[in-house]
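Peer 1: Could you have a look at this structure, given as structure tokens, before my questions?
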Amino acid sequence: MATPCSVIRPGHRYQLLRGVTYGLTLALAIAIPALHGVKFDIPAGLYYLGGEPAPPLRVVKAFLLLAVATALAILGSTYPFGRMFCGWSCPGGQLARLARWLHHGWPKRHLLLRHLLAVGVAFGGALICLNWFTHLAVLWEAGRPGFAGAWRWAAGLTALFYVEGVWLGFVWCERICPYGWYLGIMAQDNRLRIAFADPDGVCGDCAACAKACPVGLDPHGANFAADRCLTCGTCLDTCQAIFARRDGAPPLGWAHRLPVTPAPPAGEAGEGWG
């Protein structure tokens with residue numbers, strides 16, 4: 001039996017909200033090591049915690065505690081919100097979405113410019129990662145310890161992020177990322193999801209929502225795979241934009257899964273829904 005849903009109409013511009021959450025994620029990833037909240041400067045043999053030099057073991061413990069707390073927060077959000085981390089905060093998802101924009105939103109004659117921009121973004125991601133483990137000045141001062149090693153790491157991470165974003169895109173999220181696998185399993189029973197409700201038959205089957213979905217799902221189809229849905233709201237933005245020029249309410253919306261009402265005992269079968 002299909003799980004009944006109560007549809008809640010969205011009232012936000014989800015693209016703008018995703019931009020805010022992506023920005024906050026990047027800001028935290030940059031600010032924590034930059035302000036020496038938790039920072040390793042491995043080539044120089046310096047370690048920082050709370051803005052002050054600290055013993056290496058204390059910094060390692062703090063880093064592991066931060067990583068575990070982040071992982072638990074993400075896992076804890078999966079049951080109520082599904083794969084919302086993938087669609088709203090994951091850096092890999094940001095790269096994949098940028099690559100999708102470069103591929104579909106730019107003319108083909110700008111191919112070289114698109115790839116140069118992608119390399120620049122990938123290099124920026126590499127710098128964010130390196131900033132946790134070394135002072136970035138090591139990249140610009142050839143005489144500092146770790147200069148060659150830092151550039152090798154920068155080149156390797158740039159290549160990895162470029163391939164992940166431009167060539168793999170959301171395939172990375174669905175088929176390679178082990179965290180994505182786990183969230184896909186956990187999200188099968190999440191409470192918040194996309195629902196299609198069209199009792200008045202206003203949907204024109206334009207499939208714009210399916211074309212806009214970053215992972216190629218059809219939210220108004222009968223075989224909608226909710227466990228693959230990133231809960232990003234892209235299809236909702238698209239549907240709302242179309243129905244802004246039409247009569248009727250958009251048939252796509254958020255839904256809370258409701259518990260299935262158990263069947264009445266055999267002797268009370270006549271007491272139906274009324």
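Values quoted throughout were computed directly from the atomic coordinates according to the rules given, and no laboratory measurement underlies them. Keep in mind that this is a model prediction, so the values were computed, not measured. As a convention, Cβ positions derive from the backbone with ideal geometry for all residues, glycine included, and neighbour counts pool all protein chains shown.
Peer 1: Long-range amide H contacts for L46: which residues qualify at under 5 Å (H placed 1.01 Å from N, peptide plane, sequence gap of 5 or more or a different chain)?
Peer 2: Excluding prolines and chain starts, which carry no amide H, the hits are D41.
Peer 1: How big, on average over all directions, is the shadow cast by the Cα convex hull of region 138-215, in nm²?
Peer 2: On the way: hull surface 36.2 nm².
That works out to 9.1 nm², a quarter of the Cα hull's surface.
Peer 1: Note down the net charge around G201, summing +1 for each Lys or Arg and -1 for each Asp or Glu among other residues with Cβ under 14 Å from its Cβ. Each step should come with its number before you reach the end.
Peer 2: Numbers: positive: R246; negative: D198, D200, D205, D247.
It works out to a net charge of -3.
Peer 1: What is the dipole size for the chain, taken about its Cα centre, with +1 at each Lys and Arg Cβ and -1 at each Asp and Glu Cβ, in debye to the nearest 20? Intermediate results must be reported in sequence, preceding the final value.
Peer 2: Working: 22 positive and 15 negative charges, 173 e Å.
Around 840 debye, computed over the chain.
Peer 1: Could you tell me how many degrees, from 0 to 90 and to the nearest 10, lie between the Cα long axis of helix 56-81 and the main elongation axis, the longest principal axis, of the Cα atoms of the chain?
Peer 2: 10
Peer 1: Additional query: Would you look at the GNM of the chain, springs on alpha carbons closer than 10 Å, and say which of D205, D237, D227 moves the most?
Peer 2: Highest fluctuation among the options: D205.
Peer 1: Can you list residues from other chains, or at least 5 along the same chain, whose modelled amide H is less than 5 Å from the amide H of D218?
Peer 2: Here the answer is A225, since their amide H atoms fall under 5 Å of that of D218.
Peer 1: What is region 194-257 by shape, rounded, prolate or oblate, if you read a ≥ b ≥ c off the alpha carbon gyration tensor as root eigenvalues and call it rounded for a/c under 1.5, prolate for a/b larger than b/c, and oblate otherwise? If you can, show how the numbers build up before the last one.
Peer 2: Details: a/c = 1.70, a/b = 1.43, b/c = 1.19.
Judged from the Cα gyration tensor, region 194-257 comes out prolate (a/c at least 1.5, a/b above b/c).
Peer 1: For the chain, find the longest principal axis of its Cα atoms and tell me its angle to the long axis of helix 111-130, 0 to 90°, nearest 10.
Peer 2: Relative to the chain, helix 111-130 is tipped by roughly 70 degrees.
Peer 1: Match the structure shown to one of the listed values (i) 170; (ii) 129; (iii) 180 of volume of the Cα convex hull per residue in Å³, computed from it, and give that label.
Peer 2: Entry (i).
Peer 1: Hey, what do the phi angles of region 164-179 turn into as Karplus ³J(HN,Hα) couplings, whole Hz, using 6.51/-1.76/1.60 and θ = phi - 60°, x for Gly and Pro?
Peer 2: These are the phi-based 3J(HN,Hα) values: 4, x, 7, 9, 9, x, 6, 4, 4, 5, 8, 10, 10, 4, x, 5 Hz.
Peer 1: Read phi for every residue in region 240-250 and hand back ³J(HN,Hα) as whole Hz from Karplus 6.51 cos²θ - 1.76 cosθ + 1.60, θ = phi - 60°, with x for Gly and Pro.
Peer 2: Working through the residues one at a time gives 5, 5, 5, 7, 5, 9, 10, 8, x, 8, x Hz.
Peer 1: For the Cα atoms of the chain, what angle does the longest principal axis make with the long axis of helix 147-162, in degrees from 0 to 90, nearest 10?
Peer 2: Tilt relative to the chain: about 20 degrees.
Peer 1: Short version: ³J(HN,Hα) in whole Hz for each residue of region 191-204, in order, from phi by Karplus 6.51 cos²θ - 1.76 cosθ + 1.60 (θ = phi - 60°), x for Gly and Pro, what are they?
Peer 2: So the J values, rounded to whole Hz, are 7, 9, 7, 7, 10, 10, 9, 9, x, 8, x, 8, 5, x.
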